[in-house]
1. Taking the range 51-104 only, how many residues are closer than 19 Å to Gln11 by Cβ, among the hydroxyl-bearing types (Ser, Thr, Tyr) and modelled with pLDDT under 85?
2. Output the residues belonging to the range 1-43 that are modelled with pLDDT under 90, among the charged types (D, E, K, R) and farther than 30 Å from Thr70 by Cα.
3. Looking at Phe43, Phe52, can you tell me which residue is of a type in the set (Phe, Trp, Tyr) and touching a Leu at 6+ places or on another chain (Cβ under 9 Å)?
Amino acid sequence: MSNVVQFPTNQKKIWDIVVAGFMEPATQAGATKQQVDEFLKQFKPTFQKFQFEYQIMMPSMPEDVVRGVTAEMNKLKKAIQEHTMQLVMERLMFELKLFDWRKS
């Protein structure tokens, strides 16, 4: 087992969730696909600022300790991702209010 615990953000997967969760309600509300695409294009750099990757190097330890620490770190990773997703969605709603739908 490796002594590196990674915090990948799964950025593409999270972005796909944001797009899927936004596309249908926006088009049902009357936005065109072009408008939605333009909004998402403008929002993506903001979304990317919320993403990060980090590796934690753990010292040599017995395998059972490494497994336990890794399990706890994975719980932390999940909690951070859920919190980040909440922040992203709040920012998305804020950006929606600012977006000029008439210009796109």
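1. Total meeting the criteria: 1.
2. Residues satisfying the conditions are Glu24, Lys33.
3. Numbers: Phe52 fails: touching a Leu at 6+ places or on another chain (Cβ under 9 Å).
Unique residue meeting the criteria: Phe43.
The values are calculated or read from the model by the stated rules, or taken from the named source; none is laboratory data. All of these numbers come straight from a predicted model, not from anything done at the bench. Note that we place each Cβ from the backbone using ideal geometry, even for glycine, and neighbour counts take in every protein chain shown.
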